[in-house]
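Structure first, commentary second.
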Amino acid sequence: MKHGILVTGGAGFIGSNFVLDWLGAGLGPVVNLDALTYAGNLENLASMEGNPGHTFVRGDIGDLALVQGLLEKHRPSAIVHFAAESHVDRSIVGPETFLRTNIDGTFTMLQAARKYYDGLEGAERERFRFLHVSTDEVYGTLSPTDPAFHEETPYAPNSPYAASKAASDHLVRAWLHTYGLPTIITNCSNNYGPYQFPEKLIPLMIANALAGKALPVYGDGQQVRDWLYVGDHASALRVVLANGRVGETYNVGGGNQRTNLEVVTTLCALLDELVPESKFKPHFQQVKYVTDRPGHDRRYAIDARKLEGELKWSAQESFETGLRKTVQWYLSNAEWVSNVTSGAYQQWVTKNYGDRTAVAGTAAAGTEGAR
Ligand code: NAD
Ligand code: DAU
């Protein structure tokens, strides 16, 4: 018998990819609780329309009565908690919602889960898991020679977003140790792939390049991120749910460290190749260095050996194959991009990029910065 799960934030980027993979693999029913903030989009789940295995509920993770009601009604065998405010730049401009959703919201989820778990017996109780989906940003920043983040790396969050996620991780840990809630935490590196909102580096650069707009590289573009294709994150969460040990943390990452400038360069080359008729070729000429992000973390890198060794997980996509797939997806889904980038998105672009001054001109400076 297949047991249902409650997913929060399943209309967002990673959550919707996870839900689509889960239902596609026939792993059991999903109740999907999502507030549909600017980052949540039911279009991501359009292919699930009419699927009796998918129940979508529009609601806030901070609504205790709602969450308790869903748990009692659907009796899931696990909660997979994605819902969060997730964009670092937005957390710098307005941290309040990050504290409310990421900290208070997680607190509410834990309280509801605890009450539900306390009422479970036998196999249902044995099976139940609370999987908290977190980020590598809780560990802070690395120098070029530091070893990658491992599960024992001390927490040192630097942005309001990272601090709110770190706080939520600590709450999860406390609910495990104090109340015995069977929790597991995953800390993952930068994801990319289909359905990512174009406020994040990769989809933003694709959308801007195709529209002939500036490609805003923060600072010197030498910051390093460790990229993971979103489908590989979804598969990691599946193995953690199936076989992860209660109380453990698992780091998830693809072993793909790249500077932002390398990412943008590769994206531009892919677009030159895949859109040969583009009037903006070569797309790299649109690169514009702009004022850096305050408190910008220099480097993230994940050591995923625990997950790989203990749970036999490995990423299926290399950065090259994953990025090509991603660019192709955005090219084939121009309508999705146009729908999500209308309206309020434009206000965000003005707010975040309007005051950033160009720090060193465009294309020629782009080449200089790359050296
Ligand atoms: P996202 O911003 O694309 O999606 C977040 C989803 O949560 C949206 O659908 C939104 O509507 C929903 N949501 C927000 N506030 C809510 C609330 N109060 N109640 C209910 N739903 C709410 O985020 P994402 O990039 O898919 O990230 C998902 C999770 O994974 C987050 O917890 C994030 O911290 C974590 N994570 C993300 C990455 C990454 O690279 N994107 C990497 C590691 C970890
Ligand atoms: O590491 C995991 C984290 O990765 C997740 O927890 C976050 O939810 C997710 O948003 C992501 O955070 P980053 O800040 O690393 O991602 P972002 O796509 O915003 O930026 C990636 C890098 O690109 C970062 O060094 C900032 C830079 N950047 C970003 C934007 C939007 C630019 O240079 N220009 C831009 O316009």
(message) Can you tell me how many residues within the stretch 79-96 are crowded, with 21+ Cβ neighbours inside 10 Å and more than 10 Å from ligand 2 (Cβ to nearest atom)?
(response) 5
(request) Go through the stretch 210-237 and give me each residue that's surrounded by fewer than 19 Cβ atoms within 10 Å (Cβ to Cβ) and either in contact with a Pro (Cβ under 7 Å, 6 or more places away or on another chain) or charged (D, E, K, R) (or both). (result) K213, D220
(message) I'm checking my understanding of the structure. Among residues of the stretch 241-251 that are farther than 10 Å from E310 by Cβ and more than 16 Å from ligand 2 (Cβ to nearest atom), which one is surrounded by the fewest Cβ atoms within 10 Å (Cβ to Cβ)?
(response) A242
(request) Take the stretch 99-116 and flag every residue that is of a type in the set (K, R) and either within 16 Å of ligand 2 (Cβ to nearest atom) or more than 24 Å from the chain's Cα centre (by Cα) (or both). (result) R114, K115
(request) Enumerate the pairs (first residue in the stretch 170-188 and touching a residue at least 60 places away in the same chain (Cβ under 8 Å); second residue anywhere and in a helix (DSSP H, G or I) and charged (D, E, K, R)) with beta-carbon separation below 6 Å, excluding pairs fewer than 6 apart on the same chain, so at least 6 apart or on different chains. (result) Y179/R114; L181/R114; I185/D169; N187/D136
(request) Quick one: which residue in L45, L71 is free of Cβ contacts under 8 Å to residues at least 60 places away in the same chain, part of a helix (DSSP H, G or I) and out of contact with any Gly (no Cβ under 7 Å at 6 or more places or on another chain)? (result) L45
(message) Can you name every one of the helices (runs of 4 or more DSSP H) wholly within the stretch 270-340 that holds 1 or more residues which are more than 16 Å from ligand 2 (Cβ to nearest atom), open to solvent by less than 40 Å² (accessible area, probe 1.4 Å) and in contact with a strand residue (DSSP E or B) (Cβ under 9 Å, 6 or more places away or on another chain)?
(response) 305-311
(request) Considering only the stretch 202-222, state which residues are near ligand 2 (Cβ under 9 Å from one of its atoms) and in contact (Cβ under 8 Å) with a residue 60 or more places away in the chain. (result) I202, P203, M205, N208, L215, P216, V217, Y218, G219, G221
(request) Among the candidates L27, L6, single out the residue that is out of contact with any Leu (no Cβ under 7 Å at 6 or more places or on another chain) and either open to solvent by 30 Å² or more (accessible area, probe 1.4 Å) or not hydroxyl-bearing (S, T, Y) (or both). (result) L27
(message) Can you find a residue that is open to solvent by 10 Å² or more (accessible area, probe 1.4 Å), of a type in the set (F, W, Y) and more than 11 Å from ligand 2 (Cβ to nearest atom) anywhere in the stretch 190-201?
(response) yes
(request) Just give me the residues in the stretch 132-188 being within 16 Å of ligand 2 (Cβ to nearest atom), in contact with a strand residue (DSSP E or B) (Cβ under 9 Å, 6 or more places away or on another chain) and in a helix (DSSP H, G or I), in sequence order. (result) D136, E137, V138, Y139, Y161, A162, K165, A166, S168, D169, V172
(message) So for the stretch 55-68 (the condition being acidic (D, E) and assigned to a helix (DSSP H, G or I)), does at least one residue qualify?
(response) no
(request) Return only the number of the condition from (1) without any contact (Cβ under 8 Å) to a residue 24 or more places away in the chain; (2) open to solvent by less than 40 Å² (accessible area, probe 1.4 Å) that P154 does not satisfy. (result) (2)
(request) Please name all residue pairs, on different chains or six or more residues apart, with Cβ atoms under 7 Å, provided the first residue is in the stretch 306-327 and is farther than 28 Å from F197 by Cα and the second residue is modelled with pLDDT of 95 or more. (result) K306/E151; K306/Y250; K306/N251; E308/S314; L311/V239; L311/V240; L311/N243; L311/G244
(message) Tell me the residue from R129, R114 that is open to solvent by 20 Å² or more (accessible area, probe 1.4 Å) and in contact with a strand residue (DSSP E or B) (Cβ under 6 Å, 6 or more places away or on another chain), please.
(response) R129
(request) Keeping to the stretch 25-73, report how many residues are aromatic (F, W, Y) and either more than 13 Å from ligand 1 (Cβ to nearest atom) or more than 23 Å from F98 (Cβ to Cβ) (or both). (result) 1
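The values are calculated or read from the model by the stated rules, or taken from the named source; none is laboratory data. Since this is a predicted model, take the numbers as computed values, not measurements. Cβ: placed from backbone, ideal geometry, glycine included. Neighbour counts: every protein chain shown. What goes into the accessible areas is simple: the full protein's heavy atoms, side chains included, and nothing from ligands, DNA or RNA. Shrake-Rupley method; radii C 1.70, N 1.55, O 1.52, S 1.80 Å.
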